[in-house]
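Comments concern the structure below.
The values are calculated or read from the model by the stated rules, or taken from the named source; none is laboratory data. The shown structure was predicted, so the numbers you read here are calculated from the model rather than taken from an experiment. With ideal geometry, Cβ positions are generated from the backbone for all residues, glycine too; neighbour counts draw on all protein chains shown.
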Amino acid sequence: MPVISFANPKGGAGKTTSALLLAGELAARGASVSIVDADPERWISQWGALPGKPDNITIVSDVTEDSIVDVVEDASTNNQFVIIDLEGTASLMVANAIGMSDLVIIPTQGASMDAKGASKTIKLIRNQARLAKREIPHAVLLTRVSAAVASRSLKNVRDQLDAAGIDVMNSSIVERAAYRDMLDFGGLLSKLDPKQVSNVDKAVQNAMEFTAEVVAKLKAVQTPQGRAA
Ligand SMILES: Nc1ncnc2c1ncn2[C@@H]1O[C@H](COP(=O)(O)OP(=O)(O)OP(=O)(O)O)[C@@H](O)[C@H]1O
Ligand SMILES: [Mg+2]
């Protein structure tokens with residue numbers, strides 16, 4: 001079943017947050033999801049150890065560059081979705097994960113527009129695609145976007161990426177305390193207490209839009225084996 005990886009060598013770009021939002025939303029719809037925690041910092045594994053992880057999310061930890069191909073293959077046989085949270089460096093593990101992906105999402109901070117990290121990832125994806133002799137669909141996801149300033153500067157970033165022929169997702173991930181709380185306190189976004197954290201409903205709405213766009217992208221992708229993702 002489809003493998004979606006989150007890659008950007010830039011630390012703090014929002015890889016782990018967006019990976020978890022997608023996993024949580026897919027799981028909330030009833031899908032079985034395996035998250036491959038390929039970051040030695042093990043943020044997702046730590047989240048999974050907190051209360052509130054739904055049973056239909058499984059987390060695979062302690063992945064190495066030697067084991068990742070086997071781990072992802074196995075996870076994709078046994079789950080409806082596999083989500084890989086990658087470390088914030090360019091490594092053989094990242095290259096291997098990208099090589100096995102049906103979709104690579106490149107979270108990029110909207111405000112600072114870390115073009116360097118994103119373009120490094122895109123080069124890596126293109127090289128892996130050449131090696132594998134297949135397209136590896138990928139798109140930039142603008143993250144940590146200010147809710148208040150929907151903004152001209154964001155449009156500017158989108159226009160620049162468009163001009164460079166880079167696919168940018170229509171949905172972006174807004175900067176919200178709810179996302180931090182989800183990582184820190186465990187469980188799904190929708191289970192956060194609206195009395196403790198503001199705008200949970202808007203955060204859930206944002207995660208739903210993002211997930212719907214990912215699912216639509218996967219549906220549009222015909223994998224080389226000829227199966228519809
Ligand atoms: N949309 C957001 N709203 C609020 N906080 C966010 C958002 N995205 C990320 N953060 C916070 O920023 C920090 C870094 O985000 P995250 O861990 O998702 O990035 P990363 O790309 O996985 O980083 P690393 O390269 O270190 O793995 C975390 O503390 C996270 O809670
Ligand atoms: Mg991370």
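Structural remarks
- Every residue from segment 201-212 that is under 17 Å from the mean Cα position of the chain (by Cα) and either of a type in the set (D, E, K, R) or within 22 Å of Gln46 (Cβ to Cβ) (or both): Ala203, Ala207, Glu209
- Hey, Glu87 in contact (Cβ under 8 Å) with a residue 24 or more places away in the chain, under 15 Å from Asp39 (Cβ atoms) and of a type in the set (D, E, K, R) or not: yes
This table checks each residue for (1) over 15 Å from the mean Cα position of the chain (by Cα); (2) aliphatic (A, V, I, L, M).
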| position | (1), (2) |
| --- | --- |
| Asn127 | yes, no |
| Arg130 | yes, no |
| Thr143 | no, no |
| Ala148 | yes, yes |
| Leu154 | yes, yes |
| Glu175 | yes, no |
| Leu183 | no, yes |
| Gly186 | yes, no |
| Asn199 | yes, no |
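- In segment 1-112, counting only strands (runs of 3 or more DSSP E) that sit wholly within it, the ones holding 1 or more residues that are within 13 Å of ligand 2 (Cβ to nearest atom) span 3-6, 33-38, 81-86, 103-109.
- Top-ranked residue of segment 50-63 - restricted to ones that are loosely packed, with under 13 Cβ neighbours inside 10 Å and at pLDDT below 95, ranked as nearest to Lys15 (Cα to Cα): Asp62
- Scanning segment 143-158 for residues that are assigned to a helix (DSSP H, G or I) and touching a strand residue (DSSP E or B) at 6+ places or on another chain (Cβ under 7 Å) gives Leu154, Val157, Arg158.
- Count - residues of segment 12-49 that are surrounded by fewer than 19 Cβ atoms within 10 Å (Cβ to Cβ) and within 14 Å of the chain's Cα centre (by Cα): 2
- Positions within segment 128-142 being outside any loop (DSSP other than H, G, I, E, B) and either touching a residue at least 12 places away in the same chain (Cβ under 8 Å) or closer than 12 Å to Ser101 by Cα (or both), in sequence order: Gln128, Ala129, Leu131, Ala132, His138, Ala139, Val140, Leu141, Leu142
- Residue check for Pro9: crowded, with 16+ Cβ neighbours inside 10 Å and either in contact with a Cys (Cβ under 8 Å, 6 or more places away or on another chain) or at pLDDT below 95 (or both): yes
- Annotation: of all residues in segment 159-200 being assigned to a helix (DSSP H, G or I) and touching a Ser or Thr at 6+ places or on another chain (Cβ under 9 Å), the one that is farthest from Ser45 (Cα to Cα) is Leu161.
- Residue within segment 64-77 that is modelled with pLDDT of 95 or more and touching an Asp or Glu at 6+ places or on another chain (Cβ under 8 Å) present: no
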